[in-house]
Amino acid sequence: MKRLLDWFDQRTGYRKVTHEALHEPIPGGARWRYVWGSTLTFCFVVQVITGFALWMAYSPGSQTAWESVYYIQHQMTGGWLLRGIHSFTAQAMNILLVLHLMQVMIDGAYKAPREVNFWVGLILLQLVLALSLTGYLLPWDQKGYWATKVATNLLGIVPFIGADLQKLVVGGPDYGHHTLTRFFALHAGVLPAAMVALIVGHVWLFRRHGITTKKPHKKRDSHFWPDQVLMDTVACLAVTAAVLFLCVRHKIFGTAGPLGAELGAPADPSEPFSAARPEWYFLFLFQFLKYFPGSMEIWGAIIIPGIVMFVMFLLPKLGETQRGHRFNLALLCGLILGSGWLTWQAMKQDGADPGYRLAVVEADRDAHRAAELARSPDGIPISGAASLLRADPLTQGPKLFAKNCASCHRFDGHDGTGRPSVDPQTASDLKGFASREWLAGLLDPARVDSPHYFGATKFKEGKMVKWVKKNVTAYTPDQKAQLQKVIMAVSAEAGLRSQNSADRRDAAAIKEGAALLRGDIGCTECHAFQKPDEDATAPLLTGYGSRDWLIRFISHPAHPDFYPGTRDDKKGMPAFGVSQILDAQSIGLISDWLRGQWYEPSPRATK
Amino acid sequence: MQPETQPNADAPAPEEQRREFLKKALSVAIGGATMVAPAAAGLAVYLDPLRRKAPPGKFVRVTTIEALPADGVPKKFPIISSREDAWNKTPATPIGAVYLRRTKEGALQAHNVACPHAGCFVDYKPEKNGYHCPCHNSTFELDGTIADENSPSPRGLDELKIEVRNQKEVWVHFQNFYAGHAEKTPVA
């Protein structure tokens, strides 16, 4: 072995190089405060390794970016861990950068003759921030899409060249394929290559001038290897442990949240995203912008951050005197505390804003649903995953209901999305429409004229209400049992998924109920049921609450099958289909949602 | 680099100096020339987006008048139109969204949902009877004007032209505008 290494050394001179590299003298001995530079290098290496692996599975493109990241996160072995490590190490780097900068400043390692190295360090800091910013977009989820939109729009306010600059970064006048290809080329190619070159320069300059030690020296002098290396590896291990912990923290604490890094719902320019926020380490800049009124935006976005960065480059010059050094430390301290305060303000304001909190809940729900639909047997179509949510009754139903129905109707007392409706209720509450419970309430004398049913409508004193009040109130227990069967029979017409097994189980009672409906209970005196009835004056009970019935009803409530002749343009229900207020797809989505008809993973698939 | 030394006995003859200079100059020139083609080609492609123009604004059918409440409350509509994304053309896909409302006087008004501050999607807030941007808290009145002078948006929401066709169809001239400027300039 020795002979082999001798031969290798003779050919390459590796011993001299490793000796040079490792036998750096450290006056005053190894110390914990010197570990930060090494942890940063370690993080960069981790990012390169995990980044290469991610690259092998990632596909930049409007219809493939989210989809490939979904596949990494949810389908590929270890994918969630890989993304988690990459994402949390990136976040850790931002913290470590601040610690490294603080150590360098406090120990005076930025002063002459080390100015150039300090500048290289500042550029590296900006490269890390640029890597964070570009990486945030790559999953092409709502979060990254809207955050990047803000960041690139800010570029547009640069005087004269702003619009062109924005076009170059975005890859055209609009966000799309080329935004992703460009951000990816920067993120995985240009920026890391620049980082490697500058890290080499940074370390070389550092070795050229030697370490700036903290005085007084308390221990005897030692060397980088192995004393400092041991401390560095321990620090790197701590970073790794923190990153791994963050990856699995939800699992450990049993809280709701993803394994590894988040993946939001696919980007959609027509879908609002009120939870849009940059990554937490950019929150201070985000918050800063709030304090500048319109005409002053350029100060908050460009001029002041630019001045701060410029002053940072001057610190070595300012630090030549003892007073200057103290000033620098005070400045750094002020910047860090100021950024911390802004970050805290941003978080505090968001925490106190119920609208924002609800937006986050909805964002999480959409993210979860998008992944669920992507896992469904139909999978992701070639047109991309954004179309999955657009065609999903569970996602679109509440929004469509809130927009088109909730100005009169309610859903479980709210507007469908969980928000209170601002308009007074003038129509029924449609939660569980056509289900047995819903119909039982309708046929309950105590409830039929409550706002839940006819109470807020012009039918408050209509025939149905009168009939229920008069007849049902007087029912004997036998008749009540008969009514129960009628309810089953009408409800069975809807064919609701939630009642599938009940409908099958009660087939006999339903048959009986259908007969009673025409006979003793006498619904067909006004309603048509199962056979055409020219004289019907009330809504058709054939197929009541079925998909077809609902679509036809929403499309044209004044149709002879439903409420013929009673329509009053000012107060009646609009003909959403006939008047072209909603297209067929939207009406279908509302109907499916009201009927609880959407894709649900089988219990086995979710495990 | 060593500082220029004074000429001395070891210095090469002027003839040889010239030749040396010529060799150096040629090396730099030829070496540089070899890089021109790849650098130029690369730069051309890199700068290509500057040549790309945003599609001009176009009228898109959004809804019908009946879909708009008569009390001035805005409703949000996606703009479904054709879209070109580099190599893909999609005939009907969401390209943006608008708030549309019918004022109490019966006039129609459309606003692009993008906040003129930094492009976030503004929310309609019924309790404030206006719009609010969830990002940096810009606020707007229902008619799109700035509600709070100190809020970050440099201008009111971007109003879009409307045409009513066939008596009841609402068509909106959809366009995006540069964010962050007091003047409303269409993205080109």
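The values are calculated or read from the model by the stated rules, or taken from the named source; none is laboratory data. A quick note: this is a predicted structure, and the numbers were derived from the prediction, not measured. When we count neighbours, we look across all protein chains shown, and the Cβ atoms used for this are built from the backbone with ideal geometry, even at glycine. Only protein heavy atoms, including side chains, enter the accessible area calculation; ligands, DNA and RNA are left aside. Shrake-Rupley method; radii C 1.70, N 1.55, O 1.52, S 1.80 Å.
Numbers for the structure displayed
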item	result
For chain A: relative contact order, % (alpha-carbon pairs under 8 angstrom, 6 or more apart)	13
Cβ-based charge dipole, the range A:231-378, positive-most Cα from A:Y291, A:S339, A:A256	A:S339
For the range A:26-32, 3J(HN,Hα) per residue [Karplus equation, 6.51 cos²θ - 1.76 cosθ + 1.60, θ = phi - 60°, Hz, x = Gly/Pro]	10, x, x, x, 5, 9, 5
Chain A: DSSP helices with Cα axial extent of at least 24 Å and average Kyte-Doolittle hydropathy no lower than -1.0	A:36-55, A:79-106, A:115-137, A:191-209, A:229-253, A:322-351, A:354-375, A:477-494
Rounded if a/c under 1.5, otherwise prolate or oblate - the range A:382-510, Cα gyration tensor axes	oblate
Of B:K24, B:K75, B:K161, the one that fluctuates the most in a GNM where chain B has Cα springs shorter than 10 Å	B:K24
Contact order normalised by residue count of the range A:370-415, Cα under 8 Å, 6+ apart, percent	24
Sites B:T103 and A:V158, calculated FRET efficiency, Cβ-Cβ separation with R0 41 Å, nearest 0.05	0.65
Tensor-based shape of the range A:24-159 (alpha-carbon gyration tensor, a/c under 1.5 rounded, otherwise prolate or oblate)	oblate
Label-point separation, A:A57 to B:N166 (7 Å along Cα→Cβ), nm	4.9
Of A:P574, A:G319, A:G171, farthest towards positive along the dipole that unit charges on Lys, Arg, Asp, Glu beta carbons give the protein assembly as shown	A:G319
Dimensions (Å) - the range A:314-458, Cα atoms, principal axes, largest first	89, 42, 21
Residues of the range A:295-341 buried by at least 40 Å² on assembly (accessible area, 1.4 Å probe, chain alone as reference)	A:E297
The protein assembly as shown: Cys lacking any partner C-beta under 4.7 angstrom	A:C43, A:C236, A:C247, A:C333, A:C405, A:C408, A:C523, A:C526
A:I26, B:I65, B:I80, reordered so the largest accessible area comes first (probe 1.4 Å)	B:I80, B:I65, A:I26
Trypsin sites (Lys or Arg not before Pro) within the range A:206-273: DSSP coil, no more than 10 neighbouring Cβ in 10 Å	A:K218, A:R220
Principal-axis tilt of helix B:14-47 within chain B, Cα atoms, nearest 10 degrees	20
Isotropic mean projected area of the C-alpha convex hull, chain A (nm²)	38.6
Relative contact order computed over chain B (Cα-Cα under 8 Å; 6+ residues apart), in percent	18
Carbon plus sulfur fraction of accessible area for the protein assembly as shown, probe 1.4 Å, in percent	63
Amide H contacts under 5 Å for B:V62, placed H, 5+ residues apart	B:V170, B:W171, B:V172
Alpha-carbon Rg/Rh ratio, for the range A:504-582, with Rh computed the Kirkwood way	1.06
Cleavage-rule hits, trypsin sites (Lys or Arg not before Pro), the range B:80-130, DSSP coil, Cβ neighbours within 10 Å at most 15	B:K104
Mean ellipticity per residue at 222 nm, deg cm²/dmol - from DSSP H runs of n ≥ 4 across the protein assembly as shown, formula -39500 (n - 2.57)	-15500 deg cm²/dmol
Accessible area per residue in Å² at 1.4 Å probe, computed on the protein assembly as shown	52
Most mobile of B:P14, B:P126, B:P38 in a GNM of chain B (Cα contacts under 10 Å)	B:P14
Residue pairs, from the table A:K143/A:K403; A:K149/B:K161; A:K149/B:K184; A:K149/B:K125; A:K348/B:K104; A:K149/A:K251, whose Cα atoms sit over 27 Å apart	A:K348/B:K104; A:K149/A:K251
Within chain B, longest stretch clear of exposed GluC sites (Glu not before Pro) (DSSP loop, no more than 10 other Cβ within 10 Å)	B:5-104
Cα centroid separation - the range A:387-451 against the range A:158-233, whole Å	55
Among beta bridges that DSSP assigns inside the protein assembly as shown, antiparallel share in %, nearest 5	95
Longest site-free stretch - chain A; sites: GluC sites (Glu not before Pro), DSSP loop, at most 13 other Cβ within 10 Å	A:1-319
Cα gyration tensor shape of the range A:432-505, rounded if a/c is under 1.5, else prolate or oblate by comparing a/b with b/c	oblate
Heavy-atom accessible surface that B and A bury in contact, both chains counted, 1.4 Å, Å² to 100	4000
